[in-house]
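Right, one structure below, let's go through it.
The values are calculated or read from the model by the stated rules, or taken from the named source; none is laboratory data. Treat the numbers as computed from the prediction; the structure is a model and nothing was measured. Neighbour counts are summed over all protein chains in view; Cβ atoms, including those assigned to glycine, are modelled from backbone coordinates with ideal geometry. Note: areas computed on protein heavy atoms with side chains; ligands, DNA, RNA excluded. Shrake-Rupley method; radii C 1.70, N 1.55, O 1.52, S 1.80 Å.
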Amino acid sequence: MGQEKLAVITGGSRGIGAALVQQYAALGWQVKELSRSGEGPHHITCDFSNRSATRACVEELFSELASQSWEKIVVVNNAGMVGPVGPVNQTNSSGWYANIDVNFSAAVTLSGLFIKYFQFHPVDKYIVNISSGAAHQPRYGWSLYCAMKAALEMFSDTVALEQREEAYPVKSIIVNPGIIDTQMQKEIRDASKANFPDVQRFKAFKEDGLLASPEDVAEEIINILAAGPETGQTYSVTDKRKR
């Protein structure tokens, strides 16, 4: 019996994450799904808004998985939240810190501990950071979300740089999945115009049928990884080309 392939996916209870879990499992990979509200055979409860709990959860998992041999390993930092939506002076600190921890701190924890435990595994290893156009375009009411996606991209690029000289490097890439029909999009459409002036534009995406399905996007992400992407690059699901 050959070695298994491993996929660790955060925020896999719904949306792209859930689709990735289902599709990787169908391909015969061993899948670990980390989220607060997931369920099923692949699920591990992990609250990314709690830093100490996140570290404990991830360290326990990676220390166990690192004792095994793998053919290929993929870690997908997919967990995310758009809120709090509104001008920063009208939101509260608990919302700020939750956004920072879910969108950025969790990815740092997953990435750092993954490298710590798997650096010397002589196999293809990828960290995939799911980003957004918001990383490059400030939007009124999204100060935390835009900032954390921008931080995630720079973190991903710097990890790729640090790993280039390692004997068994961990490759780090960014994937921009485009606009997808998920619960996050519903939350965006439910925002008030006062807090998010672009709300009508996002409602039009839904009304005009411009939202991709999570299943289609997950399939494209899996295809990108199967093709052996270059570390330190950004890949777009919408045009399937790196930029």
Response to the item:
Magnitude of the Cβ-charge dipole (Lys and Arg +1, Asp and Glu -1) of the range 1-86 about the Cα centre, nearest 20 debye, reported as 220
Fill in: Cβ-defined net charge surrounding A151, 13 Å radius [Lys, Arg +1; Asp, Glu -1]
-2
Worksheet item: Which ³J(HN,Hα) values in Hz, rounded to whole numbers, follow from the phi angles of the range 165-180 under the Karplus curve 6.51 cos²θ - 1.76 cosθ + 1.60, where θ = phi - 60° and Gly and Pro get x?
Response: 8, 6, 5, 10, x, 8, 8, 10, 10, 10, 10, 9, x, x, 9, 10
Fill in: Accessible solvent surface per residue of the range 117-243, calculated while the other protein chains remain in place, 1.4 angstrom probe, Å²
50
Worksheet item: Can you list the GluC sites (Glu not before Pro) in the range 21-119 that are in a DSSP coil and have 11 or fewer other beta carbons within 10 angstrom?
Response: E39
Discussion item. Based on alpha-carbon centroids, what's the gap between the range 152-191 and the range 97-141 in Å, whole number please?
Written reply: 6
Worksheet item: Percent relative contact order of the chain, based on C-alpha pairs within less than 8 angstrom and at least six residues apart?
Response: 19
Worksheet item: Cross-link partners among lysines for K203, C-alpha distance below 23 Å, same-chain residues fewer than 8 apart left out?
Response: K149, K186, K193
Worksheet item: How much accessible surface does H136 have with a 1.4 Å probe, in Å² rounded to 10?
Response: 110
Fill in: Check: the chain dipole with +1 on Lys, Arg Cβ and -1 on Asp, Glu Cβ, in debye
500
Worksheet item: What aspartates and glutamates could a cross-link reach from K206, if we take a straight Cα to Cα line under 18 Å and drop same-chain neighbours fewer than 8 places away?
Response: D181, E187, D190, D198, E215, D216
Worksheet item: Pick the calculated percent of Cα pairs over 24 Å apart for this structure from (i) 48; (ii) 44; (iii) 65?
Response: (ii)
Worksheet, complete the sentence: Sorted on mean Cβ neighbours within 10 Å (highest first), peptides 204-215, 101-112, 146-157 come out as 101-112, 146-157, 204-215
Item to complete: For the range 1-65, list log₁₀ I(q)/I(0) at each q in 0.22, 0.23, 0.24, 0.26 Å⁻¹, using the Debye formula over Cα point scatterers of equal strength and ignoring solvent, two decimals each.
Response: -0.89, -0.95, -1.02, -1.13
Worksheet item: On alpha-carbon atoms, Rg over Rh for the range 68-132 using Kirkwood Rh?
Response: 1.15
Worksheet item: For the chain, what % of the accessible area comes from carbon and sulfur atoms, probe 1.4 Å?
Response: 50
Practice prompt. May I ask for the net charge around A107, where only other residues with Cβ less than 14 Å from the Cβ of A107 are counted and Lys, Arg are +1 while Asp, Glu are -1?
Written response: 0
Response to the item:
Residue span E60 to K203: 0.36 nm per residue of separation minus Cα-Cα distance leaves a gain in nm of 47.3 nm
Practice prompt. Only helical DSSP H runs with n ≥ 4 go in: add -39500 (n - 2.57) per run for the chain, normalise by residue count and round the 222 nm mean residue ellipticity to 500 deg cm²/dmol.
Written response: -12500 deg cm²/dmol
Item to complete: Take the Cα coordinates of the range 146-229, assign each an equal point scatterer, and use the Debye formula without solvent to give log10 I(q)/I(0) at q = 0.13, 0.18, 0.19, 0.22 Å⁻¹.
Response: -0.61, -0.93, -0.97, -1.10
Discussion item. I'd like to know which of Q183, V170, I130 lies farthest towards the positive end of the charge dipole of the range 121-188, counting +1 on Cβ of Lys and Arg and -1 on Cβ of Asp and Glu.
Written reply: Q183
